[in-house]
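Below is one structure, written out as structure tokens; the observations come after it.
The values are calculated or read from the model by the stated rules, or taken from the named source; none is laboratory data. Note that this is a predicted model, so its numbers are computed, not measured. Positions of Cβ are backbone-derived with ideal geometry, glycine not excepted, and every protein chain shown enters the neighbour counts.
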Amino acid sequence: GREVLRDVHCNGARNNGEASSDMGGIRVALHLAKKIDNFNYDKFFTEFAKLWLRTISLDDMMDYVEDTHPLSYLRVNVTLSQFDEFIDTYNIKPGDGMYIAPSDRIAIW
């Protein structure tokens, strides 16, 4: 699994269902956003990030590692980095921390 703290690993396979649900929800929201004139993508992405913004204790982090839900920062950073709208809104380029090449992005539907 991916190391989330020194010597603490998260099992990504256990998170697939919830991560896929997050991806699907964002995909649907962005599809609907295309129908709204002057949709504010910055506000949409910022509010999504705020939804998952939290400070948790080390004990809570350890519980999260065993949970089926991705860690909050992964729910935001990894999920949003999959979408062109996010990449374009923030002018993210190859070499930037949140850049994922189109060929490496996960597509839901």
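Here are the numbers:
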{"read-out": "Residues satisfying the stated conditions in the stretch 30-50, i.e. over 14 Å from Phe86 (Cβ atoms) and hydrophobic (A, V, I, L, M, F, W, C)", "value": "Leu32, Ile36"}
{"read-out": "Test for Tyr41: is it modelled with pLDDT of 90 or more and more than 12 Å from the chain's Cα centre (by Cα)", "value": "yes"}
{"read-out": "Leu53 being loosely packed, with under 13 Cβ neighbours inside 10 Å, closer than 19 Å to Ala19 by Cβ and at pLDDT 75 or above", "value": "yes"}
{"read-out": "From the options Asp88, Asp84, residue that is surrounded by fewer than 16 Cβ atoms within 10 Å (Cβ to Cβ), within 15 Å of the chain's Cα centre (by Cα) and at pLDDT 95 or above", "value": "Asp84"}
